[in-house]
1. How about segment 122-157: which of its residues are without any contact (Cβ under 8 Å) to a residue 60 or more places away in the chain, of a type in the set (Val, Ile, Thr) and closer than 23 Å to PHE230 by Cα?
2. Condition first: small (Gly, Ala, Ser) and under 20 Å from the mean Cα position of the chain (by Cα). Can you find one or more residues in segment 217-236 that meet it?
3. Among the residues of segment 212-244, what is the count of those that are in a loop (DSSP other than H, G, I, E, B) and either at pLDDT 95 or above or surrounded by 14 or more Cβ atoms within 10 Å (Cβ to Cβ) (or both)?
4. Just a yes or no: is a residue in segment 188-205 under 15 Å from the mean Cα position of the chain (by Cα) and of a type in the set (Gly, Ala, Ser)?
5. Sort out which residues of segment 25-51 are free of Cβ contacts under 8 Å to residues at least 12 places away in the same chain and among the charged types (D, E, K, R), and write them in order of number.
6. Which count do you get for residues in segment 81-97 that are more than 14 Å from LEU13 (Cα to Cα) and either aromatic (Phe, Trp, Tyr) or buried (at least 24 other Cβ atoms within 10 Å of the Cβ) (or both)?
7. Check off (1) modelled with pLDDT of 95 or more; (2) more than 13 Å from PHE57 (Cβ to Cβ) for MET77 and give me the number that stays unchecked.
8. Please verify whether ARG160 is in contact with a strand residue (DSSP E or B) (Cβ under 6 Å, 6 or more places away or on another chain), touching a residue at least 24 places away in the same chain (Cβ under 8 Å) and surrounded by fewer than 17 Cβ atoms within 10 Å (Cβ to Cβ), treating the condition exactly as stated.
Amino acid sequence: MIRVERDGAVAVLTLDRPAARNALSVELTTALELALDDAEVDDEVRVVLLRGAGGDFAAGADLKEMLPLTEEQVRAMDFSGCCPRLGRMAKPVVAAVEGYALGGGCELVEMCDIVIAADTAWFGHPEITVGTMPGAGGSQRLPRAVGKHKAMDLLLTGRRMDAAEAERCGLVSRVVPAGRLMDEALGVARRLAELSPAILAMVKQSVSRAFEPGLKEGLAFERRQFHRTFATHDRREGMAAFLERRPARFMGA
């Protein structure tokens, strides 16, 4: 589920579930958490590069897994549909994004430090269209990256934006031709790996501090709201409709 490779002091972590567009199953997110833990404590790793296999970054959470879950189950699991561990990495994380980065995939992007996107990439939060909402920081980190009105546009409509729009609004650091994506992303990661790891950590901590006020409380509130959606008819209907490839019939309950 997670392919781990080394490029000098760069740990390259690949979401490796291409047949499902790297949908974030519990197995995949657990494997990613363990890989991040290993990279954090490995003194030979200075930078993490996160990418997806098969032409997509991550198309979101695995709705087949999510559909049967109840509010009680997701609360007991503290389920997020993503991998919050990424947001707590002390070492710099570079994302190389192509294809879909939607829902939980977009939340992973929002947790990274530098985002290199192929010109074929698409970003968005379609959770609203299947009767739920972000559960791992989308409603908190996205507004901090792109501002309230752009975030509301994406979160309330569920629409996707292309790489050019994502760069304009500040979600993406750079956009490059798809054929150059890994060269560019690895080049950035290698450059960071040449610098002082102590100072890199200080800079990352300092920049993060600018966005921290209220973030912890906001993430906890968002998770509670996300869990509440699992008690609704509309969440079950929205996910079932998506999997059955039909329009959803939302009832407001």
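1. Within segment 122-157, ILE128, THR157 qualify.
2. yes
3. The number of residues fulfilling the criteria is 1.
4. No, that holds for no residue.
5. If the condition is that a residue be free of Cβ contacts under 8 Å to residues at least 12 places away in the same chain and among the charged types (D, E, K, R), then ASP43 is the only one that fits.
6. Selection size over segment 81-97: 2.
7. Every condition holds for MET77 apart from (1).
8. Against the criterion (in contact with a strand residue (DSSP E or B) (Cβ under 6 Å, 6 or more places away or on another chain), touching a residue at least 24 places away in the same chain (Cβ under 8 Å) and surrounded by fewer than 17 Cβ atoms within 10 Å (Cβ to Cβ)), ARG160 does not qualify.
The values are calculated or read from the model by the stated rules, or taken from the named source; none is laboratory data. Being a predicted model, the structure only gives us computed values, none of them experimental. Reconstructed Cβ throughout: ideal geometry from the backbone, glycine too, with neighbour counts over all protein chains shown.
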